[in-house]
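This report refers to the structure that appears directly beneath it.
Read the figures in this text as sums done on the coordinates, not as results from a lab. What you see is a predicted model, and the numbers here were worked out from it, not measured in a lab. Neighbour counts are summed over all protein chains in view; Cβ atoms, including those assigned to glycine, are modelled from backbone coordinates with ideal geometry.
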Amino acid sequence: MRSAHRYISSLLLAAVLAAPVVVMATPASDDDGVQVRVYDSRHKDYHNWDDHENKSWGVYLTNNHKKDHEFSKSSKREQSNYWNWRHAHPDHD
């Protein structure tokens, strides 16, 4: 009986010590709780699509004399060209 009590106490102590770490490790949610990630297959990485990325998309369209439209409505070729441009024009925060 004593070993069962010691085992349960150890599990409870481990849970109490791990709880703050688990809470800190959870990602912070956006204002609306939706996060859009876009995969760049050529560079094999993901990009978070947010207002900042949307602004960069607008700059890309302007620089390349293209009509304003949504990234999701563009062709795969245009999306690939955008990510090539984006990697060549990183953010300088």
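Here are a few things to note about the model shown:
- For peptides 41-54, 70-83, sequence by mean Cβ density within 10 Å, most packed first: 70-83, 41-54
- Rough spin-label spacing in nm, given labels placed 7 Å along Cα→Cβ, for Gln35 and Ser80: 2.8 nm
- Distance (nanometres) between label positions extended 7 Å along Cα→Cβ at His89 and Asn48: 2.2 nm
- Amide H partners (placed H, <5 Å) of Trp49, local residues excluded: Val36, Arg37, Val38
- One decimal place: the segment Ala18-Ser72 gains 15.4 nm when fully extended, by the rule 0.36 nm per residue minus the C-alpha distance.
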